[in-house]
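The values are calculated or read from the model by the stated rules, or taken from the named source; none is laboratory data. Quick caveat: nothing in here was measured; it's all calculated off a predicted structure. Because the Cβ atoms are built from the backbone with ideal geometry, glycine has one as well, and the counts that use them run over all protein chains shown. Note: areas computed on protein heavy atoms with side chains; ligands, DNA, RNA excluded. Shrake-Rupley method; radii C 1.70, N 1.55, O 1.52, S 1.80 Å.
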Amino acid sequence: MKKNIRILVIVGLVVLFATGLSYFDSFLYQDPIVKVEQVDTTNKKTSTDEYKNTDTEITQKVTGNLLNTKNKGKKITFKNTYYKSQLIDNKYRVGQQVILSKSGRSYTAKNIKRDTPLVFTFGLVIFLLYCMKFDRKKLFISVLINAVIYFGYLQIIIGTHNSVLLPLTVITSLLISATALLVILGPSYSMLMAYSSTVISTAAAILLSTFILGMTGYSGMHLELNDFELQPYLSVFLSQVLFGVLGVILDETMDISSSLIEMKKEVSEVTDKTLFKSGINIGRELIGPLINILLFIVIAQNLNIVLLYLSNGNSISYTLNMTLSLGIGQLLISAIGIVLTVPITSLIASKVITRRLK
């Protein structure tokens, strides 16, 4: 107990030290950084469009001291114009550190220096992970390896201009899921059992869904409305679906598999039929929450665009059709995968466990 408290104290101090260090790291930046000392509002102008949407344009006179470059300590002043909605601009406040760009003798604000809250947030996550008693090393290793795999995935996409997007997504999904399971479960039958269940369930969901969508001619699916209209439309859509459904199925597979393994350890004489029925019962309890979670994610991701459509005078039916069709399509495919995972994982797990866990 005392050892755990000592570790938590050390981790907490390291987080605080790193956060404080990031606050005073302006010397690492090439761009000028100013600490805001005074902010004055010089002008306000309110405008209203034809749909009664109101916004206010505000002009600030910002004064502060430079924290780096050869002019460190010099007091400077610059203007900042932002809208009250702050959609693509920023309101500056006293105490903030702002990254600037210099043109001649004048300075222009580029963005707020955000490394301090980012370091603190990342450190807080690590601290909370240390509060929980589980193998943190495996988590960090799996996340790091998968981040490297995803970075390589992006580099290949950039080099090939999306020409091999879908096959590359399939390969990356196989690598990411294998890495996560291999690091967390180790090279064991449990890992192979969970991996095979994940791959089969995901493949079945994607193939069945694309077959159904193909039969309907993708009716009602506005693939061209994908974010930023990225092409090829179908490959981008299926890649999004694949990554989304893979994560949910991987979680569900591990829940069912680990539960059946523990059951076998507690009741050594349990049969494969009993394990299969137990897996089905466990899966039934998971289906509802998982689908609801995905529904909330779809709503949250598209809430801004839904409000934008509605605020510009579009009807509810037109708005939902143009903004949520892709999200609902992804949700339905994921739901198919969630349901199929239950019998597939239960069958594979029950057969493997009764033969390998004596």
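Here are some notes:
- Residue within the stretch 209-219 that is in contact with a helix residue (DSSP H, G or I) (Cβ under 6 Å, 6 or more places away or on another chain) and at pLDDT below 85 present: yes
- Within the stretch 140-155, the only residue that satisfies the criterion of being without any contact (Cβ under 8 Å) to a residue 24 or more places away in the chain and surrounded by 14 or more Cβ atoms within 10 Å (Cβ to Cβ) is Tyr153.
- Of the criteria (1) under 25 Å from Leu246 (Cβ atoms); (2) modelled with pLDDT of 85 or more, which one Ile328 fails: (2)
- Screening the stretch 114-131 for residues that are hydroxyl-bearing (Ser, Thr, Tyr) and farther than 13 Å from Leu13 by Cβ and picking the one that is least open to solvent (accessible area, probe 1.4 Å) gives Thr116.
Every residue, every condition in (1) β-branched (Val, Ile, Thr); (2) closer than 30 Å to Ser311 by Cβ; (3) modelled with pLDDT under 85; (4) in contact with a Lys or Arg (Cβ under 6 Å, 6 or more places away or on another chain), yes or no:
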residue	(1), (2), (3), (4)
Tyr51	no, yes, yes, no
Thr63	yes, no, no, no
Lys72	no, no, no, no
Asp115	no, no, no, no
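- Conditions (1) assigned to a helix (DSSP H, G or I); (2) over 15 Å from Leu347 (Cα atoms): number failed by Ser197: (2)
- Of the residues making up the stretch 173-202, those that are in contact with a Ser or Thr (Cβ under 8 Å, 6 or more places away or on another chain), modelled with pLDDT of 85 or more and of a type in the set (Ser, Thr, Tyr) number 8.
- Selection from the stretch 178-198 of residues that are open to solvent by less than 50 Å² (accessible area, probe 1.4 Å), aliphatic (A, V, I, L, M) and free of Cβ contacts under 8 Å to residues at least 60 places away in the same chain: Ala178, Val183, Met191
- Filter pass, Thr274 being at pLDDT 85 or above, among the β-branched types (Val, Ile, Thr) and more than 24 Å from Phe296 (Cβ to Cβ): yes
- Criterion: modelled with pLDDT of 85 or more and among the β-branched types (Val, Ile, Thr) - qualifying residue of Ile141, Ile145, Ile158: Ile145
- Complete set of residues in the stretch 8-31 that are among the aliphatic types (A, V, I, L, M) and open to solvent by less than 60 Å² (accessible area, probe 1.4 Å): Leu8, Val11, Val15, Ala18
- Residues satisfying the stated conditions in the stretch 157-177, i.e. touching a residue at least 12 places away in the same chain (Cβ under 8 Å) and either loosely packed, with under 14 Cβ neighbours inside 10 Å or among the polar types (S, T, N, Q) (or both): Asn162, Thr169, Thr172, Ser173, Ser177
- Among the residues of the stretch 63-83, those that are surrounded by fewer than 17 Cβ atoms within 10 Å (Cβ to Cβ), farther than 18 Å from Ser26 by Cα and hydroxyl-bearing (Ser, Thr, Tyr) comprise Thr77, Thr81, Tyr83.
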